[in-house]
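The values are calculated or read from the model by the stated rules, or taken from the named source; none is laboratory data. The structure presented is a predicted model; accordingly, all values stated were derived computationally and were not measured. Heads up, the Cβs are rebuilt from the backbone with ideal geometry, glycines too, and the neighbour counts pull from every protein chain shown. To get the accessible areas, we keep the full protein, side chains included, count just its heavy atoms, and leave off ligands, DNA and RNA. Shrake-Rupley method; radii C 1.70, N 1.55, O 1.52, S 1.80 Å.
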Amino acid sequence: GMQHTDLKGWNTVNDDSIGWIAPEVYKSSITREQWRQDLSENSKAKQQRAAEEGHLQFAVAPIGKLVPYEAPPVMPVERIPPQSIVNLGSGRWLFDFGKGMSGVLRFDEGLPNPIVPENYPRGHTVFTRSDDEAFITVVYGDSLELKTGDINLNIVAGMGLREAGHKNVPGMAGPCFPKDHGKGLLQRDVYIAPNKDSMFFANARQPLFTSHGFRFAEICCTKEPPKSVSAIAYKTAFMEWGKFDSSNVLLNGAYEMTRNALNSNMLGTQTDCPHRERFQYGGDLVADSPAAMHFFDLSSFYSKIIHDWMDTQWDNGAYTETSPWQDLNDYAGIGHGAGETVWASLPAVLTVRHAQNYGDMKLVEESFQYHVQWLEFL
């Protein structure tokens with residue numbers, strides 16, 4: 001069974017912060033001893049089947065030194081009300097939150113029961129369900145179609161992905177391109193419940209263990225828009241110590257836009273974007289880490305990122321273009337595993353900047369030999 005618990009009186013940091021999101025507690029009647037026995041028996045049965053089929057696989061033990069997580073935790077830091085709600089028809093509602101962010105939608109009063117339109121709008125069809133289940137979809141995006149006024153789905157995925165699939169691979173399909181995603185990639189939450197469970201949607205609050213990059217969100221399909229909807233913005237909980245203000249509105253706006261972009265791309269790693277690739281490239285950090293360190297105290301956050309790259313260094317001394325390594329743009333490097341030279345030099349560059357800003361010579365000593373191996377490789 002499942003029991004929902006509430007935690008009262010959790011202190012907030014400031015007026016823009018939100019309290020702790022109450023966890024969902026899953027309870028089982030099985031004992032710990034029985035669980036361990038079942039786990040052991042299932043593992044042995046799996047190995048036996050693999051041996052009988054002739055492809056026994058051996059697990060590889062983790063390598064390296066296990067250390068505590070260095071960076072501050074990712075936390076919900078701001079609750080943002082919608083600036084407008086637009087009826088797009090067919091039970092589809094467009095919420096505009098006024099600025100981009102990394103986060104999710106929260107429904108403090110739950111969701112209304114869904115309706116079934118004559119035709120589901122693009123992006124809101126769900127195939128992975130049974131006939132006796134009802135569903136509500138939430139599609140996220142950061143821009144609107146000029147002609148239709150709904151979310152521009154073509155630019156959600158990036159990497160040249162369009163409604164017809166990848167620009168270089170006609171008809172791209174597979175598990176990364178589900179049929180109900182319209183031959184592209186969607187940022188989407190799906191709430192599914194049995195038709196007979198009329199209280200499920202009323203008790204829904206927000207998705208767990210995910211985040212999206214968005215300003216706009218479409219909710220479909222309900223007769224009326226959900227009440228008490230807000231966007232919950234996430235960020236890594238480092239201290240913000242840099243401020244800027246002037247008499248020039250344009251400069252102030254540029255500052256706020258940059259600050260917001262950095263916050264949206266620092267959820268445990270520093271990514272290139274919070275929704276499309278959502279990946280940690282060396283190039284972004286080479287370019288904007290000096291500015292970021294004026295905004296925030298990134299002493300532990302950037303130390304963690306340097307260690308990320310040290311963990312991915314190849315035996316030949318090559319640093320990778322991304323952390324973790326994903327075999328991206330290796331053709332632009334100068335050897336197997338080496339990323340494009342400037343981007344892959346991020347660990348050494350960031351170590352110097354980290355020492356200049358925070359005076360952490362211990363990190364320099366720890367990482368020095370790794371950077372020497374990179375220079376020898378070059």
For region 247-261, state whether one or more residues are in a loop (DSSP other than H, G, I, E, B) and open to solvent by less than 40 Å² (accessible area, probe 1.4 Å). no
Do we find that Ala338 is assigned to a helix (DSSP H, G or I), of a type outside the set (S, T, N, Q) and without any contact (Cβ under 8 Å) to a residue 40 or more places away in the chain in this structure? no
Residues of region 330-374 being open to solvent by 70 Å² or more (accessible area, probe 1.4 Å), over 26 Å from Ala292 (Cα atoms) and among the hydrophobic types (A, V, I, L, M, F, W, C), which ones? Ile334
Please determine whether any residue of region 97-106 is over 26 Å from Ser300 (Cα atoms), open to solvent by 40 Å² or more (accessible area, probe 1.4 Å) and either touching a Leu at 6+ places or on another chain (Cβ under 8 Å) or not in a strand (DSSP E or B) (or both). no
Out of all the residues in region 80-92, is one or more at negative phi and more than 27 Å from the chain's Cα centre (by Cα)? yes
Identify all residues within region 113-131 that are open to solvent by 20 Å² or more (accessible area, probe 1.4 Å) and either hydrophobic (A, V, I, L, M, F, W, C) or in contact with a Pro (Cβ under 6 Å, 6 or more places away or on another chain) (or both); write none if there are none. Ile115, Val116, Phe127
Could you look through region 234-248, keep only residues that are small (Gly, Ala, Ser) and modelled with pLDDT of 95 or more, and pick out the one that is farthest from Arg259 (Cα to Cα)? Ser247
Among the residues of region 90-124, write down those that are polar (S, T, N, Q) and closer than 21 Å to Ser211 by Cα. Ser102
Can you find a residue that is in a loop (DSSP other than H, G, I, E, B) and either at pLDDT below 95 or open to solvent by less than 40 Å² (accessible area, probe 1.4 Å) (or both) anywhere in region 281-290? no
So, in region 78-91, exactly how many residues are part of a strand (DSSP E or B) and open to solvent by less than 30 Å² (accessible area, probe 1.4 Å)? 2
Across region 40-77, the tally of residues that are at pLDDT 75 or above, aliphatic (A, V, I, L, M) and open to solvent by 100 Å² or more (accessible area, probe 1.4 Å) stands at 1
Unmet criterion (only one of (1) at pLDDT 85 or above; (2) buried (at least 18 other Cβ atoms within 10 Å of the Cβ)) for Lys227: (2)
